[in-house]
1. Out of (1) away from ligand 2 (no atom under 12 Å from the Cβ); (2) farther than 17 Å from Leu41 by Cβ, the odd one out for Asp149 is which?
2. Could you list, in sequence order, the residues of the range 26-51 that are at negative phi, surrounded by fewer than 16 Cβ atoms within 10 Å (Cβ to Cβ) and assigned to a loop (DSSP other than H, G, I, E, B)?
3. Would it be correct to say that Leu110 is within 11 Å of ligand 2 (Cβ to nearest atom), closer than 19 Å to Val66 by Cβ and surrounded by 13 or more Cβ atoms within 10 Å (Cβ to Cβ)?
4. What pairs come out if I take residues in the range 154-174 that are over 14 Å from Ser44 (Cβ atoms) and touching a residue at least 40 places away in the same chain (Cβ under 8 Å) and pair them with residues that are polar (S, T, N, Q) and in a strand (DSSP E or B) whose C-beta lies under 9 Å away, six or more apart or interchain?
5. Is it the case that Ser65 is part of a strand (DSSP E or B), out of contact with any helix residue (DSSP H, G or I) (no Cβ under 7 Å at 6 or more places or on another chain) and surrounded by fewer than 17 Cβ atoms within 10 Å (Cβ to Cβ)?
6. Among the residues of the range 138-181, write down those that are basic (Lys, Arg) and either under 15 Å from the mean Cα position of the chain (by Cα) or assigned to a strand (DSSP E or B) (or both).
Amino acid sequence: MHPDCEQVLFYEEEIRRRVRELGEQISLDFKGKKLVVIGILKGSLIFLADLIRFITLPVFIDFISVSSYGKSTRSSGTVRILKDLDLNIRGCHVLLVEDIVDTGLTLNYLKDYMERRRPASFKICALLDKPGRRKVNVAVDYYGFSIPDQFVVGYGLDYNEYYRNLSFLMVLRPEVYEGGR
Ligand code: PRP
Ligand code: 7HP
């Protein structure tokens, strides 16, 4: 058990099982299509790396980097592009991969941003859904797990850049962010 852990939400094995199911479903849904998987940095890194290995189709990979949280546990509400796509996605079948949907502001912005680049189709896959904090509705096509309104870290998710390399997902003890880092 990690000293900053309030509660473990999902252990490594459970995450792996769910990610495998998502990969299998995506493989069926995109069969015969040219699939471009786009990860939103940095939180989706570990999820994406695992997910694509359960996708049994050829995949192109790209990343986009945006920032809305900075060093806080609350979204600033403003999305900034820090690194744009390298690939031209026009005419491609795009799957955008996100670690968590919280207020929905990041995905709402990126959905519009991607659709303006005219992909043949556009779908979203998010590991975690935190519906209790939603400010804007975004249609997500594939979800891993739904979670309560608590701040979670691990498996790519951070607080102030810590904890991303934990292989499980845990609720962070509030004292950690209330006291700052
Ligand atoms: C986090 C997370 C999502 C976004 C979700 O990103 O990775 O991209 O916030 O929040 P929302 O639904 O309220 O918009 P963050 O800006 O913390 O960057 P990171 O992925 O590098 O940790
Ligand atoms: C962003 C984010 N990052 C880490 N843990 C959470 O619970 C989060 N919600 N939104």
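1. (1)
2. Matches in the range 26-51: Lys31, Lys33, Lys34.
3. No, not satisfied.
4. So the pair list comes out as Met170/Gln7; Val171/Gln7.
5. So Ser65 passes the test.
6. Across the range 138-181, the qualifying residue is only Arg164.
The numbers here are math on the coordinates, done by the rules we state, and not lab data. All of these numbers come straight from a predicted model, not from anything done at the bench. Methodologically, a virtual Cβ is constructed for each residue, glycine included, from the backbone with ideal geometry; neighbour enumeration extends over all protein chains shown.
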